[in-house]
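We did not get these values from a lab; they are worked out from the coordinates using the rules stated. The shown structure was predicted, so the numbers you read here are calculated from the model rather than taken from an experiment. Note that we place each Cβ from the backbone using ideal geometry, even for glycine, and neighbour counts take in every protein chain shown.
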Amino acid sequence: MQQEERILTEQIESLQKEKEELTYEMLILEPRVSDDETPESEASIGTADSFENITMETKGATCDPAGP
């Protein structure tokens, strides 16, 4: 049983290392955003912010029953 755990742990570590390497390579290869694409990128960021705010508000509502 311990040998199986060790093998799985090694595989997980190997996959994590590969993920880090691929993430680094993707960042290097990612094309730079032109000025024409900037508004679209900002819109996406705004959407992400809105989603985070909704999530935070939802968590706050469940944690604070005396809220508005």
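For MET1 and LEU22, the difference between the fully extended length at 0.36 nm per residue and the C-alpha to C-alpha distance is 4.4 nm. As a rough guide to protection, the peptides 15-21, 25-31 ranked by mean Cβ packing within 10 Å, highest first, stand as 15-21, 25-31.
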